[in-house]
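*Asks:* Here you go, one structure.
The values are calculated or read from the model by the stated rules, or taken from the named source; none is laboratory data. If you're wondering where the values come from, they're calculated on a predicted model, not measured in any experiment. With ideal geometry, Cβ positions are generated from the backbone for all residues, glycine too; neighbour counts draw on all protein chains shown. For the accessible areas, the whole protein counts, side chains as well, though only heavy atoms, and no ligand, DNA or RNA atoms are used. Shrake-Rupley method; radii C 1.70, N 1.55, O 1.52, S 1.80 Å.
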Amino acid sequence: MSTATRILGVDPGTRIVGYGLLDHRQGARPAYVECGVIRLRQEDPMPVRLSVLARTIAELIVEFGPRVLSLEAAFHGVNPSSALKLGQARGAVMAVAAERGLEVAEYPPAYVKRAVVGHGRATKEDVMARVQLLFGLARAPTADAADALAIALCHVHAPKLPRRTGP
């Protein structure tokens, strides 16, 4: 019997970062492990928030031992300043994962929704309900945690999509 691959999904942000962990064995349904959010203080300067984010992701990696980090790919927002800040958060998460030898995978938001809900225009509520159903959770995770679980789940369902970044 093959060992499970533990996947850490991250929905990056500069104030609230969702994370979700699942185990996947070839030929079996993914198993829920943990999910939650990392809350960063808005009043802290960006370098402090990025440091807290990196440290917390590192702690999750040490505690849960994932082999893969799956995260939402950058998308072009309406506000260039917000897109830049989101890119900084993504970079902090990716750097920590790379330092610890994790495979890093990225998926566009619409692809994640399509892989989990069935169409790329799913709402936050659709994703929350689907994640709750798929993992048999007593209640739906918060929107950010559900998105992170969906991103991890997308990694399981998208083996043919080019997703690896870095060397």
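*Asks:* With all protein chains present and a 1.4 Å probe, how do Glu59, Glu72 order by accessible area, largest first?
*Replies:* Glu59, Glu72
*Asks:* Sorted from largest down, what three extents in whole angstroms do the Cα atoms of the range 54-105 have along their principal axes?
*Replies:* On the principal axes, the range 54-105 reaches 36, 20, 15 Å in Cα extent.
*Asks:* Can you list the chymotrypsin sites (Phe, Trp or Tyr not before Pro) in the range 16-80 that are in a DSSP coil and have 15 or fewer other beta carbons within 10 angstrom? Display every interim value, and only then the final one.
*Replies:* Values: sites: Tyr19, Tyr32, Phe64, Phe75; in loops: Phe75.
Taking the range 16-80 and a limit of 15 other Cβ atoms within 10 Å, the loop chymotrypsin sites (Phe, Trp or Tyr not before Pro) found are Phe75.
*Asks:* I need the phi-derived Karplus couplings for the range 95-109: 6.51 cos²θ - 1.76 cosθ + 1.60, θ = phi - 60°, integer Hz, Gly and Pro marked x.
*Replies:* Along the range 95-109, the couplings run 5, 4, 4, 5, 4, 9, x, 7, 5, 10, 10, 10, 9, x, x Hz.
*Asks:* Still on this model: Given a 1.4 Å probe and every protein chain left where it sits, what share in percent of the accessible area of the chain is carbon and sulfur? Walk me through the numbers before you get to the answer.
*Replies:* Details: 4800 of 8940 Å².
That share works out to 54 percent.
*Asks:* Ranked from highest to lowest mean number of other Cβ atoms within 10 Å per residue, what is the order of the peptides 123-130, 136-143?
*Replies:* Values: 123-130: 16.5, 136-143: 13.2.
Ranking the peptides 123-130, 136-143 by packing returns 123-130, 136-143.
*Asks:* For the chain, restrict the atom set to alpha-carbon positions and state the Rg and Dmax in Å.
*Replies:* That works out to 14.9, 49 Å for Rg and Dmax.
*Asks:* Could you pull the accessible area for Asp44 with a 1.4 Å probe, rounded to 10 Å²?
*Replies:* Roughly 30 Å² of Asp44 is accessible to a 1.4 Å probe.
*Asks:* Could you do me a favour and compute the accessible area per residue for the chain, 1.4 Å probe, result in Å²?
*Replies:* 54 Å²
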